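Let me begin by presenting the structure, written as structure tokens, before commenting on it.
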Amino acid sequence: MKEECLICKAPLEYLEHGEMMECVICHKKEESRARCVNAHYVCNECHTKGIDVMVGTCLSETSKDPFVIFERLVSLPFCHMHGPEHHSLAGASLLTAYKNAGGDIDLEAALAEMQKRGSEVPGGICGFWGTCGAAVSSGIFLSIITKATPLSKEEWGLSNRMTSRSLAAIGEVGGPRCCKRNAYLAITEAVRFVEENLGIHMESHKVLCSHSSENNQCLGKKCPFNKNRSDL
């Protein structure tokens, strides 16, 4: 099993109240609730370093299946088992598949916006805010393709309903967190939601997770994407 800390591989610990911490990579000081048991702290920006390749990777994709695109993105060197990079990658996979399935968007501009908005969603909100970055990412995706703003009517509603659908599926499975599992669930709901409400059919397939050996908190057979579930 791989451990959590990017510096020493030790497990992470989460604090009830935020404390001022210094990133061991860039030395930025900020308040956080997460660090490893040896007190190493890595900020969101350093944790997602290298994510800029996301846009170019997606622009070269031809698949209409967001799961296929997501797996290619998370296999890139910058992506870790858990982390705020997933807050951009889930939505980017959906944007790319949506475009390839006939969706009318400027994909390059949409991906850049996805990366910008996704980077503003902090790591760890699944436990502290009562929402999940993967669910938020699906809502950002819907907001981008419908050009929603705080003053929109139908588009505003669709974007919030999208996040709600994803979050309900994620909450139903329960914790502890798994960024891969939550992304799969959010993408699953987004594929269905887009076809129901926008009439664009993105391809999809039954996902069998290949990341469980990297996750110390894996739910095992309780995870809907576990290879060893008896009901698959």
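The values are calculated or read from the model by the stated rules, or taken from the named source; none is laboratory data. Computed from a predicted model, the values in this text were never measured in an experiment. No Cβ is skipped: glycine too gets one built from the backbone with ideal geometry, and neighbour counts run over all protein chains shown. The accessibility values were calculated without ligands, DNA or RNA, using every heavy atom of the protein model including side chains. Shrake-Rupley method; radii C 1.70, N 1.55, O 1.52, S 1.80 Å.
Remarks
Residue-wise test of (1) more than 21 Å from Met202 (Cβ to Cβ); (2) in contact (Cβ under 8 Å) with a residue 24 or more places away in the chain.
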| site | (1), (2) |
| --- | --- |
| Pro84 | yes, yes |
| Ala92 | no, yes |
| Ala97 | no, yes |
| Glu108 | no, yes |
| Gln115 | no, yes |
| Ser119 | yes, yes |
| Ile144 | no, yes |
| Thr149 | yes, no |
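Here is a yes/no grid of residues against (1) within 21 Å of Ser93 (Cα to Cα); (2) modelled with pLDDT of 95 or more:
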| site | (1), (2) |
| --- | --- |
| Arg35 | no, no |
| Glu45 | yes, no |
| Thr48 | yes, no |
| Val53 | yes, yes |
| Ser60 | yes, yes |
| Leu73 | yes, yes |
| Phe78 | yes, no |
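Residue-wise test of (1) open to solvent by 50 Å² or more (accessible area, probe 1.4 Å); (2) within 16 Å of Met81 (Cβ to Cβ).
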residue: Cys23; (1), (2): no, no
residue: Lys28; (1), (2): yes, no
residue: Ala34; (1), (2): no, yes
residue: Tyr41; (1), (2): no, no
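- For the range 155-166, the criterion of being out of contact with any His (no Cβ under 6 Å at 6 or more places or on another chain), open to solvent by less than 60 Å² (accessible area, probe 1.4 Å), within 21 Å of Pro84 (Cβ to Cβ) and hydrophobic (A, V, I, L, M, F, W, C) is met by at least one residue.
- Some residue of the range 207-226 being open to solvent by 60 Å² or more (accessible area, probe 1.4 Å), of a type outside the set (Ser, Thr, Tyr) and assigned to a loop (DSSP other than H, G, I, E, B): yes
- Taking the numbered list (1) farther than 19 Å from His82 by Cβ; (2) open to solvent by 60 Å² or more (accessible area, probe 1.4 Å); (3) under 16 Å from the mean Cα position of the chain (by Cα); (4) touching a residue at least 40 places away in the same chain (Cβ under 8 Å) in turn, Leu198 passes all entries but (3).
- Screening Gly175 with (1) in contact with a Cys (Cβ under 9 Å, 6 or more places away or on another chain); (2) open to solvent by 20 Å² or more (accessible area, probe 1.4 Å); (3) at pLDDT 95 or above gives one miss only, at (3).
- Exclusive hit being touching a helix residue (DSSP H, G or I) at 6+ places or on another chain (Cβ under 8 Å) and either surrounded by fewer than 21 Cβ atoms within 10 Å (Cβ to Cβ) or over 21 Å from Glu113 (Cβ atoms) (or both), set Leu59, Leu73: Leu59
- Condition met for Leu15 (under 19 Å from Lys116 (Cα atoms) and either assigned to a helix (DSSP H, G or I) or modelled with pLDDT under 95 (or both)): no
- Among the residues of this structure, Ala34 does not count as one that is small (Gly, Ala, Ser) and free of Cβ contacts under 8 Å to residues at least 60 places away in the same chain.
- Within the range 147-179, tally of residues that are among the hydrophobic types (A, V, I, L, M, F, W, C) and outside any helix (DSSP H, G or I): 3
- For Asp52, the requirement of being under 30 Å from Glu203 (Cβ atoms) and surrounded by 18 or more Cβ atoms within 10 Å (Cβ to Cβ) is not met.
- Evaluation of Ser119 against (1) open to solvent by 20 Å² or more (accessible area, probe 1.4 Å); (2) over 11 Å from the mean Cα position of the chain (by Cα) (one fails), failing number: (2)
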